[in-house]
Amino acid sequence: MKLCLFDGPNRSDFLPLAYTRPVADLFLGGMTLANRWSRVLDATVVVETEAYLQSATPAFDIAILASCLPNPSLLTALKNLESGQKILADGQLIAFKGATSSTDAALDNFGVVAVETTPVILRYPWDLFSHNAQAVKDDAVFFKNTHKQVLDASNTQLGTDSVIVGKDVRAAAAVFNTAEGPIILDDGATIMEGALLRGPLYIGKNVVVKMGTKMYGGSSLGPNTKVGGELNNVIFIGNSNKGHDGFLGNAVVGEWCNLGAATDASNLKNDYGITRAWNYTQQTFIPTGLQFCGLIMGDHSKTAIQTALNTATVIGVGCNLFSVGFPRTFIPSFSRGGSQGMAINRLEKVIQTAQLVMKRRNKSLEQQQESVLKHIFAETKPYRTSLK
C-alpha cells in the first residue's frame, strides 16, 4: 500500500517546526508521525505538503491527515475504506480514498464513513509534548521484538517496566527508573555515568546523554542529539545539542539547534496561570490550555551561554540569541540579539553556520535544504520589518 500523509488546513499552527519539514516528519514518542503510520499499516509513505518542501505528491492509494494519531477503530475503518469514501472527525477531513489530493473538489461528494472512537488530532507544537509520554509507551511494542540487548551490570534499574536496549548501546553506572513507563535505548545510544533517567523515555539512535544528566518522563531525543542538565517532558527532533547544565521542560526543539551552557527556559508562569504562546495562523498569542509550556524552537537556532528564556517562548528558524535578560517570547525567524534589542540574522551567515554545524556530524547542507532556508527567509520578512 502507498499511503499519503497530507499536512491539512492547520499546517501553519505547527510553525515554526513545520517551516522546514512536512507535518508528517514531526517527532513523537519513538519515531516520526510518518514512521508510525508506515508501521501500523505496513505501508510506503509519501507526503502532500508545501511546494517549496516537495515539488509534487506521488500517486497514492489512501490518504490520512498527518497529525492524526492511529487508534484501533480508525485502523479498522481505514482498512475497509473504499474508493469514493472519506472519514471525518468533528467535521474535519482525516482520511480519504479515490481523490488526487486533500483539496480535490471531488471530495465534497464522497460518502462519509463513521469512526467509533474519535482519534487524537495534534494541532499545535505543544500537543507534541503533551501526548509524548503515552506515545513512548505505545511505541515500545515496535522496539521490543528487535531491541533485545541487556544493560551493563554497573547500571541500576528501578521499577517493573522494561528498559529496551538496542545494538551498540553504551551505558554505565546510570539509574533507570521504569516505575511509570518504559525506557527505550535505540541503537548506538550512549548513557554516561551518573545519569538519572525516569521513564517513559525514548533515547534515539546515536544520542549522547552526558554525565549527571537528569531526565524526567515524557521526553524523546531524536537521532544524534546530545543532552545534559535537567530535562522534563521534552522532545528533540534530532541533531541538536543541549550539552550542559540548564533546565528545559515541556518543550520541542527542532534540528541543528544548540542551547548554550546554563541556558534556562521557564515552563511555568509566576502566577501559575494558563500559558499563552505565539500562533502563526492567528498572528497573536493564544492560550495553550496548559499550565506548563516551555520553549518551542525552530531549526538552526542557537542560544548563548546563560541565556534565560521566559515561559512559552517561540523561536523561529535561524535565530541567534544572546545578552543578559529575557528576550521577547516570540522571536521571528532569522533574528539575532536579545533583551537589549534584535537585528536581522543574515541569511548567508545562517547558511554558513549550518554548513559548519552539519560538517561536524559528517553531513552536508544540500542544495534543497539551502533553498528551503532561502524560501523561509523571504516568507518571514514581514516579521523583521522593524529590524536592521
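Data overview
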{"item": "Residues (buried (at least 17 other Cβ atoms within 10 Å of the Cβ), closer than 19 Å to Trp37 by Cα and polar (S, T, N, Q)) located in region 89-132", "result": "Ser102, Asn132"}
{"item": "Residue under evaluation Gly325, criteria (1) modelled with pLDDT under 95; (2) of a type outside the set (D, E, K, R); (3) not in a loop (DSSP other than H, G, I, E, B), criterion not met", "result": "(3)"}
{"item": "Selection status of Ile344, assigned by TED's automatic domain parsing to the domain that holds Val234 and closer than 24 Å to Gln54 by Cβ", "result": "no"}
{"item": "Number of the condition not met by Leu347 [criteria: (1) surrounded by 15 or more Cβ atoms within 10 Å (Cβ to Cβ); (2) touching a residue at least 60 places away in the same chain (Cβ under 8 Å); (3) farther than 30 Å from Thr288 by Cα]", "result": "(2)"}
{"item": "Sole residue being crowded, with 20+ Cβ neighbours inside 10 Å and over 23 Å from Leu122 (Cα atoms), chosen from Thr190, Thr225", "result": "Thr225"}
{"item": "Residues within region 352-366 that are farther than 13 Å from Glu255 by Cβ and either in contact with a Pro (Cβ under 6 Å, 6 or more places away or on another chain) or part of a helix (DSSP H, G or I) (or both), tallied", "result": "6"}
{"item": "Hits in region 242-276 - residues which are surrounded by 22 or more Cβ atoms within 10 Å (Cβ to Cβ) and either touching a helix residue (DSSP H, G or I) at 6+ places or on another chain (Cβ under 8 Å) or without any contact (Cβ under 8 Å) to a residue 40 or more places away in the chain (or both)", "result": "Lys242, Gly246, Asn250, Ala251, Val252, Gly254, Trp256, Thr275"}
{"item": "Flag if Ala262 is of a type outside the set (Ser, Thr, Tyr) and part of a loop (DSSP other than H, G, I, E, B)", "result": "yes"}
{"item": "Any hit, region 66-81, residues being assigned to a helix (DSSP H, G or I), in contact (Cβ under 8 Å) with a residue 40 or more places away in the chain and of a type in the set (S, T, N, Q)", "result": "yes"}
{"item": "For Ile376: the one exception among (1) at pLDDT 95 or above; (2) in contact with a Phe, Trp or Tyr (Cβ under 9 Å, 6 or more places away or on another chain); (3) within 22 Å of Gly249 (Cα to Cα)", "result": "(3)"}
{"item": "Which listed residue is more than 30 Å from Val372 (Cα to Cα), in contact with a helix residue (DSSP H, G or I) (Cβ under 8 Å, 6 or more places away or on another chain) and among the aliphatic types (A, V, I, L, M), from Leu201, Leu231", "result": "Leu201"}
{"item": "Criterion: without any contact (Cβ under 8 Å) to a residue 60 or more places away in the chain, over 17 Å from Gly316 (Cα atoms) and of a type in the set (Ser, Thr, Tyr) - qualifying residue of Ser386, Ser364", "result": "Ser364"}
{"item": "Residue among Thr117, Thr160 that is at pLDDT 95 or above and either part of a loop (DSSP other than H, G, I, E, B) or farther than 22 Å from Thr225 by Cβ (or both)", "result": "Thr160"}
{"item": "Check on Val252, modelled with pLDDT under 95 and β-branched (Val, Ile, Thr)", "result": "no"}
{"item": "Complete set of residues in region 1-57 that are of a type in the set (S, T, N, Q) and under 15 Å from Pro70 (Cα atoms)", "result": "Thr32, Asn35, Ser38"}
{"item": "Failed item in (1) under 22 Å from Thr32 (Cα atoms); (2) touching a Lys or Arg at 6+ places or on another chain (Cβ under 9 Å), with Val163 passing the rest", "result": "(2)"}
{"item": "Subset of region 316-344 (residues that are exposed (fewer than 14 other Cβ atoms within 10 Å of the Cβ) and of a type in the set (Val, Ile, Thr))", "result": "Val324"}
{"item": "Matching option when the condition is within 21 Å of the chain's Cα centre (by Cα) and among the β-branched types (Val, Ile, Thr), among Ile305, Ile331", "result": "Ile331"}
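The values are calculated or read from the model by the stated rules, or taken from the named source; none is laboratory data. On a predicted model such as this, the values are computed, not experimentally measured, just so you know. Cβ atoms come from the backbone with ideal geometry, glycine included; neighbour counts cover every protein chain shown.
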